């Protein structure tokens, strides 16, 4: 288990903008930064990063948290694993104590996968440089491709020996678990190496860890495939990975464009030529997950195809999903007989870049021109091809961009613009109806099943009895309770009184300690008690504690309370000379905010006590208990005085 001291050091050191920018392209907007959410598909950025609060929040899907939670969600890591990830990033040495056997086993399993893949990558590279067959057969293959040694090292290229059990035997010598090698697809169930006599291409995730391998055969065999890849595992999802993305992500962000090629060697050759914003689909069709990965860094994608007829047909397939993600897609056809690897070697990096610049064509216009050329002498075929272009245009989410394509394509195919508009709208309508039907079908219960009532996941730190009690209450005071918790989380560590050195948390909690049991919302009550406990232990009640909380409900509430899609525009002062005169800026107004929220909170509770006490007076009167009735009447008078004083201070009319 990681010590609390080390966890706190990670909290204090990790900067949300630095962590997120490794995976998402961010742009400055006021005091915050925005980008496309990596957790759901979106066309317009709703993912906000607040450096001042050290949190992220997506106003589309609702995900939010601090650096630790971002890494947990993005890299599919547990809480301790995310802490370790950030500790490595920032060079923090963690203090750890012994963890539970179950937790340790789960943690070690995933760690072991990465360790074994790293071992395999090192083994394959040793075989390339330090064995006779590696040096005489495999290394010349890379040298013939023009790869320099530093390039081979950069991409971790290697060689899997011809022996049936070379990797397995070396792993056993190093006491690696054979079952884990089988889980990763490095060894077959019968105990033989999966990759044999192949040059090896390690596949990295965006964090730079080896998650799988691709292997190319060296000797031509009739029944052996040219390339084989690792199977999907807990750490390797092919539909979400692009070869070279780890090495290319910074260059893609810098160039604001991603070049997509087909094979491993295309990526490596272009990198070596200084063109580093390039990734490969590794011979498979593009997936939505891969497109979304690119979109995190740039909305612009340039796809390179071989210039032969097969390359032209390939350029027309599978790109509609790129349009659906609202990407700006350009296509470049290389000269016939060339691929990116061969062409960059033939003409050099400068001429290659110039060729890409000159030959890049917008995908929609490229498709329209190609198809119209095919169908120019066949009216029936021409109609079919126009419908294909219309189908692609209909997938573009942006209506302005869509209308511009319709206008230009109407001119290219010599059809009235209004007719194309009508056809595009028809396709969009059909697609929407289809999606609605699919959604309706998903909501129907399975045959023989009944609809179960929707239930909300309960707060794990609160007992079943408390939860049931909370649900039975009327949530009439939720707004006031939420506001108290908002101030506690947002400003708890700020000084309420500069002279007495009293924090906002101390001021709030000292004034509500006697009514914490009267909270309607169990979650708010739990947070108040936890904050009170931290104060009693001399610990700070600050935003970082709550936004990095292990409890999901507390963490999500903290991020929600700290986040807003709106900002106070600095242009009021800069452009219009309009200033706030009645109060400080919102983030600096916590003293008055605290006082006002506390009074409203107490007023609500006092009004409730007045009603409850009045009921008690009525019961005692009916029972003839005059003595106790008089005591409660004096209490009622005191409660009314407090109520009226609070109402007067707040300017509130109490009926």
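Can you tell me the alpha carbon radius of gyration of the range 204-287 divided by the globular rule-of-thumb value 2.2 N^0.38 Å?
Cα-based Rg divided by the globular estimate yields 1.15.
Sort 147-160, 618-631 by packing, meaning the average of other beta carbons within 10 Å per residue, with the highest value first.
Result, highest mean Cβ count within 10 Å first: 147-160, 618-631.
Write down the percent of antiparallel bridges among all DSSP beta bridges whose residues are both part of the range 256-431, to the nearest 5.
In the range 256-431, approximately 15 percent of DSSP beta bridges are antiparallel ones.
For q = 0.16, 0.18, 0.19, 0.24 Å⁻¹, what log10 I(q)/I(0) does the range 4-90 give under the Debye formula with an equal point scatterer on each alpha carbon and no solvent?
With no solvent term, the Cα-only Debye profile gives -0.58, -0.72, -0.80, -1.20.
Can you give me the relative contact order of the range 4-90 as a percent, contacts being Cα pairs under 8 Å and 6 or more apart?
The normalised contact order for the range 4-90 reaches 24 percent.
What order do you get for 168-177, 336-345, 603-612, 545-554 when each peptide is scored by the mean count of other beta carbon atoms within 10 Å, highest first?
545-554, 336-345, 603-612, 168-177
Rank-order 15-23, 356-364 by packing density, defined as the average count of other C-beta atoms within 10 Å over each peptide's residues, highest first.
15-23, 356-364
Test of understanding: what is the full-extension gain from residue 650 to residue 76, defined as 0.36 nm times their sequence separation minus their Cα-Cα distance?
Between residue 650 and residue 76, full extension yields 201.8 nm more.
Of 265, 288, how do they rank once you tally other Cβ atoms within 10 Å and put the fewest first?
Neighbour counts put them in this order, fewest first: 288, 265.
Across the range 109-236, what fraction of all alpha-carbon pairs, as a whole percent, falls in each successive 5 Å bin from zero upward?
Binned Cα distances yield the sequence 2, 11, 22, 25, 21, 13, 5, 1.
Subtracting the Cα-Cα distance from 0.36 nm times the residue separation, let me have the gained length for residue 422 to residue 517 in nm, one decimal.
Gain on extension, residue 422 to residue 517, equals 27.9 nm.
Got a sec? Which residues in the range 62-99 would a label at residue 1 touch, if it sits 7 Å along Cα→Cβ and we count backbone N under 18 Å?
Hits in the range 62-99 for residue 1 at 18 Å: 78-84, 94-99.
Run the quick spin-label model on residue 129 and residue 347: label points 7 Å from Cα toward the beta carbon, then report their separation in nm to one decimal.
Going by the 7 Å Cα→Cβ label model, 3.5 nm.
Relative to the present Cα-Cα distance, how much length would full extension add between residue 96 and residue 188 at 0.36 nm per residue of separation?
So the extension gain works out to 29.5 nm.
Once label points are set 7 Å from the Cα along Cα→Cβ at both residue 539 and residue 178, what is their separation, rounded to one decimal in nm?
Going by the 7 Å Cα→Cβ label model, 4.7 nm.
Spin-label point model (7 Å from Cα, Cβ direction): what's the residue 15 to residue 358 distance in nm?
4.3
Read-outs throughout are calculated quantities, based only on the coordinates presented, and are distinct from any laboratory measurement. This one's a predicted model, so the numbers in the text were calculated from it and none came from an experiment. So basically every Cβ, Gly included, is an ideal-geometry build from the backbone, and we count neighbours across all protein chains shown.
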